[in-house]
Amino acid sequence: MAEVSAKDAMKLRQMTGAGVMDCKKALAESDGDMDKAVEYLREKGLAKAAKKADRIAAEGIVLAFTDEAKKASVAIEVNSETDFVSKNEDFRSFVKLAGQAVIDNDPADVEALLACVVDGRTVNEHLQDRQLKIRENLKVRRFVRYEGDVATYVHAGGTIGVMVKFATDVADKE
């Protein structure tokens, strides 16, 4: 096992969000190799995440938005164990990433969404990364995607989302 400096442990902590002692252990186990240490933490974290999978994720947020360039809109709900997570920037960035993946790929269901590739990785891999960093069970619960004339609205800080699709030939008349 390699001698681990506090500086290296802190660098790994900044990269992964893992605890300092976990980072020191990962670096020691991987002989100081940063990439191997990240993989070690990932594997260890996924084992912990699997233990959390049966915990109820009933909090979270709804995000609804329109991609004007693609003329498509999405409303997506991603759940967490606690309401504090919905304020976490990493969690919110994942919800936005997943919503954009729905717009870009038009998946049939949540399973298909999790298989979509964004930035060279599946949405599920992005989700697992957030689970490791946030240390909670996170679930994409549901989503809906529409094309055309759509209005979206999110109420109460992301707890309620509405999306309305307009189908009319008189929208441009008084």
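Could you list, in sequence order, all residues of the range 65-115 that are open to solvent by 20 Å² or more (accessible area, probe 1.4 Å) and among the small types (G, A, S)? It would help to see each step written out before you state the result.
Narrowing the range 65-115 to residues open to solvent by 20 Å² or more (accessible area, probe 1.4 Å): 65-71, 77, 81-84, 87-90, 92-93, 96-97, 100, 104-106, 108-112, 114-115.
Passing the criteria: A69, S93, A108, A112, A115.
For the range 67-174, give me every one of the helices (runs of 4 or more DSSP H) that falls completely inside it and has 1 or more residues that are of a type in the set (V, I, T) and within 11 Å of the chain's Cα centre (by Cα).
Numbers: elements: 89-105, 110-115, 123-134.
The helices (runs of 4 or more DSSP H) meeting that bar are 89-105, 123-134.
Taking the condition of a type outside the set (S, T, N, Q), open to solvent by 60 Å² or more (accessible area, probe 1.4 Å) and free of Cβ contacts under 8 Å to residues at least 60 places away in the same chain, does E147 pass?
On the way: of a type outside the set (S, T, N, Q): yes; open to solvent by 60 Å² or more (accessible area, probe 1.4 Å): yes; free of Cβ contacts under 8 Å to residues at least 60 places away in the same chain: no.
So E147 does not fit the description; no.
I'd like the full set of residues that are buried (at least 20 other Cβ atoms within 10 Å of the Cβ) and in contact with a strand residue (DSSP E or B) (Cβ under 6 Å, 6 or more places away or on another chain), limited to the range 116-144.
E136, L138, V140, F143, listed by residue number.
Of all residues in the range 8-24, how many are over 24 Å from the mean Cα position of the chain (by Cα) and free of Cβ contacts under 8 Å to residues at least 12 places away in the same chain?
1
I'm trying to understand the selection: among the residues of the range 1-21, which are modelled with pLDDT under 80 and acidic (D, E)?
E3
Every residue in the range 1-16 that is closer than 21 Å to H126 by Cβ, of a type outside the set (A, V, I, L, M) and surrounded by 17 or more Cβ atoms within 10 Å (Cβ to Cβ), please. Steps first, please.
Let us first name the residues in the range 1-16 that are closer than 21 Å to H126 by Cβ, namely 12-16.
With the extra rule that they be of a type outside the set (A, V, I, L, M), the set shrinks to 13-14, 16.
Matches in the range 1-16: R13, T16.
The values are calculated or read from the model by the stated rules, or taken from the named source; none is laboratory data. As the structure is a computational prediction, the values presented were derived from the model and not from experiment. Cβ sites come from the backbone with ideal geometry, for glycine too, and all protein chains shown count toward neighbours. When the accessible area is computed, the model is the full protein with side chains, heavy atoms only, and any ligands, DNA or RNA have been set aside. Shrake-Rupley method; radii C 1.70, N 1.55, O 1.52, S 1.80 Å.
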